[in-house]
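Engineer: Shown below is the structure under consideration.
The values are calculated or read from the model by the stated rules, or taken from the named source; none is laboratory data. Quick caveat: nothing in here was measured; it's all calculated off a predicted structure. Every residue, glycine as well, gets a Cβ built from its backbone with ideal geometry; the counts of neighbours run over all protein chains shown.
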Amino acid sequence: MTTHDTVLVLDFGAQYAQVIARRVREAGVYSEIVPHDISAAEIAERAPAAVVLSGGPKSVHVPDAPMIDPAILDLDVPTLGICYGHQVIAQTMGGRVARTDAPEFGRTEFVTEDGSTLLAGQPDQQIVWMSHNDAVVVAPDGFRVIGRTADGQQIAAMEDPTRRMFSVQYHPEVTHTPEGQRVFDAFLAAAGATRDWTASNVVTESVEAIRAQVGETAEVLCGLSGGVDSAVAAALVNKAIGDRLTCVFVDHGLLRQGEAEQVQLAFGDHFDTKLVTVDARERFLDALAGVTEPEEKRRIIGREFIRVFEEAARAHAGDAKYLVQGTLYPDLIESGHGTAATIKSHHNVGGLPDDLQFELVEPLRWLFKDEVRAVGTELGLPSAMVWRQPFPGPGLGVRIIGDITAERLDLLRAADAIVLAELKAAGLDREIWQSFAVLPTIRSVGVQGDERTYGHPIIIRAVTSEDAMTADFARIPYDVLERIAGRVINEVPGINRVAYDVTSKPPGTIEWE
């Protein structure tokens with residue numbers, strides 16, 4: 001992917017492995033998540049600037065506890081252990097990890113020792129975020145204890161600066177640890193990592209990689225949804241190959257109210273390349289008729305997208321063999337890339353058909369959403385396009401829980417438009433990562449105009465997030481929710497109840513399917 005210094009994050013099944021990678025990138029160093037059982041030889045071949053051992057849900061004492069190749073710690077590669085990674089370092093190098101009668105979860109008082117390399121300049125006492133049952137009680141030879149919990153019994157941080165090995169029991173990657181980013185800054189400084197991971201460099205390298213992949217004569221097709229991901233991907237490819245790019249916008253019938261017109265207008269104003277619009281509404285609805293299982297919906301939508309692109313390539317792009325997609329790093333992770341569990345198959349990853357006729361061009365596949373936005377700004381895309389809320393490729397197809405019909409789509413579009421309009425009127429649209437309406441295909445009893453109703457409920461989903469890997473429900477003021485509910489019930493026939501989803505991610509996902 002890159003010639004920059006790289007930090008490898010060894011994932012032990014951590015809830016926050018992706019957040020660790022982002023924190024390293026925020027410090028200006030490229031990072032990538034790899035399986036915890038990667039071999040020392042593989043790491044040596046990749047020659048990373050440093051490695052980070054993530055947290056994880058297991059105990060080092062259980063028989064199937066995930067461990068590392070011990071030779072990794074002999075490679076003279078700077079290493080940082082976090083939570084479970086802290087315990088792995090201690091256990092592997094001869095320290096002692098004990099079960100404790102006093103597990104720590106949540107905000108915990110932490111006391112630092114003087115003279116630390118990793119914690120230099122940090123407050124002597126601070127609050128950190130803990131999540132563990134076991135604890136390091138004896139540090140390995142050569143390590144110095146640099147921090148303890150308030151009771152002084154547990155080793156909450158230790159280091160061996162000579163070997164450039166550091167570890168902390170707490171989670172510096174989460175926002176609940178106020179001094180956390182300084183831990184990554186100090187570690188990267190000790191590792192001597194070059195901090196040149198910037199949007200400008202990403203643009204330069206991506207353009208070079210695109211030209212190397214597609215050559216100097218090939219025609220290229222881009223699936224344009226109107227969202228920031230596909231827009232930035234299209235802009236990068238356009239910068240690389242100019243008018244050999246043809247963008248295809250597919251109206252699959254699962255779009256929000258007025259979306260097709262908005263996308264075409266925005267494209268015409270800001271892109272200097274061909275746009276082909278395909279009306280495939282009937283095709284997608286026919287393919288989805290009677291389908292209720294979420295993964296099957298995604299597979300069908302992914303397959304039909306590809307079939308439409310293949311037809312468009314033959315008709316409009318000289319039978320192009322390359323297809324540009326706005327695939328992001330979180331898409332790969334959630335679709336089961338590497339050792340990650342499959343949360344949901346993104347239509348542009350796990351939903352692709354086996355007989356795909358295109359070679360994929362995915363210039364954003366190693367980027368997080370905030371990095372994509374930075375690249376879009378660097379490319380000169382307008383703010384309204386760069387900061388547009390994420391909208392899934394399967395569209396409203398994964399916001400109708402159950403069978404998808406034209407009538408249900410109309411209901412959902414009308415309700416969703418009210419949700420978005422009221423949040424924008426309240427000035428909340430930029431604070432919220434994603435907001436939308438969900439239509440479950442159930443009915444509930446209500447009363448309107450002194451008469452019994454038997455209509456559908458609408459569920460409002462609105463979350464705050466930095467990268468969509470974790471999210472919290474948005475604290476929308478009650479008066480705004482009241483206005484939304486009143487308008488939806490009064491203006492959308494067939495809706496008689498409005499609910500608000502207050503689930504974080506995890507345990508939920510942002511989308512309902």
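Engineer: Please return the ranges of helices (runs of 4 or more DSSP H) entirely within the range 208-314 where 1 or more residues are among the hydroxyl-bearing types (Ser, Thr, Tyr) and in contact (Cβ under 8 Å) with a residue 40 or more places away in the chain. Break it down into steps so the answer makes sense when it comes.
Structural biologist: Values: elements: 228-241, 259-270, 281-288.
Output list reads 228-241.
Engineer: Could you tell me which numbered condition residue 501 fails, if it satisfies all but one of (1) over 16 Å from the mean Cα position of the chain (by Cα); (2) charged (D, E, K, R); (3) crowded, with 17+ Cβ neighbours inside 10 Å?
Structural biologist: Of (1) over 16 Å from the mean Cα position of the chain (by Cα); (2) charged (D, E, K, R); (3) crowded, with 17+ Cβ neighbours inside 10 Å, only one is false for residue 501: (3).
Engineer: Just wondering, is there one or more residues in the range 291-309 that are in contact with a strand residue (DSSP E or B) (Cβ under 7 Å, 6 or more places away or on another chain) and not β-branched (Val, Ile, Thr)? Working first, answer last.
Structural biologist: The first filter runs over the range 291-309 and keeps only residues in contact with a strand residue (DSSP E or B) (Cβ under 7 Å, 6 or more places away or on another chain), leaving 305, 308-309.
Checking the rest, the ones that are also not β-branched (Val, Ile, Thr) come to 305, 309.
Checked against the condition, which is being in contact with a strand residue (DSSP E or B) (Cβ under 7 Å, 6 or more places away or on another chain) and not β-branched (Val, Ile, Thr), the range 291-309 yields at least one hit.
Engineer: Considering the range 32-62 alone, what residues qualify as being out of contact with any helix residue (DSSP H, G or I) (no Cβ under 6 Å at 6 or more places or on another chain), modelled with pLDDT under 95 and part of a strand (DSSP E or B)?
Structural biologist: 32, 34, 35
Engineer: Which of the residues spanning the range 194-240 are over 21 Å from the mean Cα position of the chain (by Cα) and over 29 Å from residue 5 (Cβ atoms)?
Structural biologist: Correct list: 215, 216, 217, 218, 219, 220, 221, 222, 238.
Engineer: Go through (1) in a helix (DSSP H, G or I); (2) assigned by TED's automatic domain parsing to the domain that holds residue 130; (3) surrounded by 15 or more Cβ atoms within 10 Å (Cβ to Cβ) and name the single condition residue 174 misses.
Structural biologist: The failed condition is (1).
Engineer: Name the residues in the range 404-445 that are among the hydroxyl-bearing types (Ser, Thr, Tyr) and either at pLDDT below 95 or buried (at least 19 other Cβ atoms within 10 Å of the Cβ) (or both), would you? Full working, then the answer.
Structural biologist: From the range 404-445, those among the hydroxyl-bearing types (Ser, Thr, Tyr) are 405, 435, 441, 444; that's our starting set.
Matches in the range 404-445: 435, 441, 444.
Engineer: Just checking, which of 288, 254, 265 is within 23 Å of residue 417 (Cβ to Cβ), surrounded by fewer than 22 Cβ atoms within 10 Å (Cβ to Cβ) and out of contact with any strand residue (DSSP E or B) (no Cβ under 7 Å at 6 or more places or on another chain)?
Structural biologist: Values: 288 fails: surrounded by fewer than 22 Cβ atoms within 10 Å (Cβ to Cβ); 254 fails: surrounded by fewer than 22 Cβ atoms within 10 Å (Cβ to Cβ).
From the options 288, 254, 265, the qualifying one is 265.
Engineer: Sticking with this structure for a sec: Check every one of the strands (runs of 3 or more DSSP E) wholly within the range 63-152 and list those with 1 or more residues that are hydrophobic (A, V, I, L, M, F, W, C), within 27 Å of the chain's Cα centre (by Cα) and on the phi < 0 side of the Ramachandran plot. Give the derivation first.
Structural biologist: Values: elements: 79-82, 96-112, 125-138, 144-149.
Counting at least 1 such residues, we get 79-82, 96-112, 125-138.
Engineer: How many of the residues in the range 393-426 are over 17 Å from residue 254 (Cα atoms) and not assigned by TED's automatic domain parsing to the domain that holds residue 474?
Structural biologist: 0
Engineer: Another one. Going by what's in this entry, would residue 300 be described as within 21 Å of residue 403 (Cα to Cα) and either under 25 Å from the mean Cα position of the chain (by Cα) or of a type in the set (A, V, I, L, M, F, W, C) (or both)? Give the steps one after another, and end with the answer.
Structural biologist: On the way: within 21 Å of residue 403 (Cα to Cα): yes; either under 25 Å from the mean Cα position of the chain (by Cα) or of a type in the set (A, V, I, L, M, F, W, C) (or both): yes.
Criteria met by residue 300.
Engineer: Condition (residue is farther than 17 Å from residue 414 by Cα and of a type outside the set (A, V, I, L, M)) applied to the range 457-464: is it met by at least one residue?
Structural biologist: Scanning the range 457-464, I find at least one residue that is farther than 17 Å from residue 414 by Cα and of a type outside the set (A, V, I, L, M), so the answer is yes.
Engineer: Which of the residues belonging to the range 380-437 are of a type in the set (A, V, I, L, M, F, W, C) and under 29 Å from residue 203 (Cβ atoms)? Spell out the reasoning first.
Structural biologist: Here is the first cut: in the range 380-437, the ones of a type in the set (A, V, I, L, M, F, W, C) are 381, 384-387, 391, 396, 398, 400-401, 404, 406, 409, 411-412, 414-415, 417-421, 423, 425-426, 428, 432-433, 436-437.
If the condition is that a residue be of a type in the set (A, V, I, L, M, F, W, C) and under 29 Å from residue 203 (Cβ atoms), then 381, 384, 385, 386, 387, 391, 432, 433 are the ones that fit.
Engineer: Could you list, in sequence order, all residues of the range 307-334 that are surrounded by fewer than 21 Cβ atoms within 10 Å (Cβ to Cβ), closer than 30 Å to residue 32 by Cα and at pLDDT 90 or above?
Structural biologist: 321, the sole residue that qualifies.
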